[in-house]
């Protein structure tokens, strides 16, 4: 378990043993901490960068939140789960444009060991990505369907970001990620709403249908 202490311009991260509750380590952070994005490894969202810590709390790498007119899209907090995904030694995130020439809804990958950017996909302003899970071939993302559109499942290669369109779902998932969370289980996707998505608060299981 990781807890952040906000001290204004800087802060600290404290890691506790979940079995005993004892403090495992405490580390001063080189950023103003805002949130814990992951616990294995520990990734802290700071005001201008993401900081990756090792098992002892030492800074392993630092990932800038902005690059080439783009910013990692980490807000609002209740949608962050589908905008950032850690898979192995790679962090993937969805972007938003903050300057002219930037790209909305691009997917960018960073090496957690070095903090260097591996690749960035082309922006897709008309598409909304929800990063869902990783497998041995890459990272799965759902393109949320608009009104009357079925959602699409795509995969981004971890090596170079090549996008492969896989399946279309039997309906859209317009409630995610703003109103619901997506989970993958045995090749099916579950919508778990935390707001009313028009179907009450029932858990919805999406079937997949290959092709168009």
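The values are calculated or read from the model by the stated rules, or taken from the named source; none is laboratory data. A quick note: this is a predicted structure, and the numbers were derived from the prediction, not measured. Cβ: placed from backbone, ideal geometry, glycine included. Neighbour counts: every protein chain shown.
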For this session: Tell me, yes or no, whether segment 54-76 has at least one residue that is surrounded by 12 or more Cβ atoms within 10 Å (Cβ to Cβ), in contact with a helix residue (DSSP H, G or I) (Cβ under 7 Å, 6 or more places away or on another chain) and within 24 Å of residue 98 (Cβ to Cβ).
Result: yes
For this session: Report yes if some residue within segment 81-99 is modelled with pLDDT under 85 and either in the same structural domain as residue 37 (by TED's automatic domain parsing) or touching a strand residue (DSSP E or B) at 6+ places or on another chain (Cβ under 7 Å) (or both); otherwise report no.
Result: yes
Exercise. So which of 36, 31, 51 is in contact with a strand residue (DSSP E or B) (Cβ under 7 Å, 6 or more places away or on another chain), surrounded by 15 or more Cβ atoms within 10 Å (Cβ to Cβ), in a loop (DSSP other than H, G, I, E, B) and outside the structural domain of residue 142 (by TED's automatic domain parsing)?
Worked result: 31
Exercise. Over 26 Å from residue 140 (Cβ atoms) and in contact (Cβ under 8 Å) with a residue 12 or more places away in the chain - does that describe any residue in segment 78-88?
Worked result: no
Problem set entry | Yes/no for residue 134 being within 25 Å of residue 36 (Cβ to Cβ) and touching a residue at least 24 places away in the same chain (Cβ under 8 Å) | yes
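For segment 168-189, give me each residue that is part of a strand (DSSP E or B) and either modelled with pLDDT of 85 or more or surrounded by 17 or more Cβ atoms within 10 Å (Cβ to Cβ) (or both).
168, 169, 180, 181, 182, 189, listed by residue number.
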